[in-house]
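Note sheet for the following structure.
The values are calculated or read from the model by the stated rules, or taken from the named source; none is laboratory data. Keep in mind that what you see is a predicted model, and the values were worked out from it rather than measured. Please note: Cβ atoms are built from the backbone with ideal geometry, for glycine as well, and neighbour counts cover all protein chains shown.
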Amino acid sequence: MSTTMDIHEILKLLPHRYPFLLVDRVLSIDPGKEIVALKNVTINEPFFPGHYPHHPVMPGVLIIEAMAQAAALLSFKSSGTQANDNNVYLFAGIDGARFKRPVTAGDQLIIKVSLTRAMRGVFKFKGTVEVDGQLAAEAELMCAMKTL
């Protein structure tokens, strides 16, 4: 089953808000398997004035964060839960992160994340980010649900 999600549905699932919400739309999601999401990168991003003023580049850590947010959406949809005052998904590990091309204003990130393993509230993912069909970044992510 593949479905889409607009920003209103994303806001219901993720606790992130501006300026840290890094997923604008879900193009497809197959719970328990994979998600394809997008992030439109504009010159108005709050990090561009300081990274770097004369050649704005999206920080790699935020590209990884966009992958993690897509992974969280996949986790929530797969488990039938959502972030609330009692639980949240947190990073537990990042392996094999590689950055292949810079991301700049005007780019559109296509974020692809597949679930590789789920066990007792710990999820492992393989993620890639593409811009114009070119690989921009890749990583393996591990996230865990934390009950507060």
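Scan the strands (runs of 3 or more DSSP E) fully inside region 61-148 and keep the ones with 2 or more residues being β-branched (Val, Ile, Thr). Lay out the reasoning, then the answer.
Working: elements: 87-99, 108-119, 122-131, 134-147.
Those strands (runs of 3 or more DSSP E) span 87-99, 108-119, 122-131.
Of the numbered conditions (1) over 15 Å from the mean Cα position of the chain (by Cα); (2) modelled with pLDDT under 95; (3) not aliphatic (A, V, I, L, M), HIS16 satisfies every one except a single condition; which is it?
Here HIS16 clears every test but (1).
Mind checking which residues of region 86-117 are more than 16 Å from VAL61 (Cα to Cα), in contact with a helix residue (DSSP H, G or I) (Cβ under 8 Å, 6 or more places away or on another chain) and free of Cβ contacts under 8 Å to residues at least 60 places away in the same chain?
Across region 86-117, the qualifying residue is only TYR89.
If I filter region 132-139 for residues that are within 17 Å of the chain's Cα centre (by Cα) and either surrounded by fewer than 15 Cβ atoms within 10 Å (Cβ to Cβ) or more than 30 Å from PRO53 (Cα to Cα) (or both), do I get at least one hit?
So the first thing to find is which residues in region 132-139 are within 17 Å of the chain's Cα centre (by Cα), and the list is 135-139.
Then drop every residue that is not either surrounded by fewer than 15 Cβ atoms within 10 Å (Cβ to Cβ) or more than 30 Å from PRO53 (Cα to Cα) (or both), which leaves 135.
Looking for residues that are within 17 Å of the chain's Cα centre (by Cα) and either surrounded by fewer than 15 Cβ atoms within 10 Å (Cβ to Cβ) or more than 30 Å from PRO53 (Cα to Cα) (or both), one finds at least one in region 132-139, hence yes.
Looking at region 67-80, which of its residues are surrounded by 15 or more Cβ atoms within 10 Å (Cβ to Cβ) and farther than 27 Å from VAL103 by Cβ?
Going through region 67-80, the residues surrounded by 15 or more Cβ atoms within 10 Å (Cβ to Cβ) turn out to be 67-79.
Within region 67-80, SER78, SER79 meet the criteria.
Of the residues that make up region 86-106, is at least one under 16 Å from LYS33 (Cβ atoms) and buried (at least 17 other Cβ atoms within 10 Å of the Cβ)? Let's see the steps before the verdict.
Of region 86-106, the ones under 16 Å from LYS33 (Cβ atoms) are none.
So far as region 86-106 goes, no, none of its residues is under 16 Å from LYS33 (Cβ atoms) and buried (at least 17 other Cβ atoms within 10 Å of the Cβ).
All but one of (1) in contact with a Leu (Cβ under 9 Å, 6 or more places away or on another chain); (2) over 30 Å from ARG120 (Cβ atoms) hold for PRO59, so report the exception by its number.
(1)
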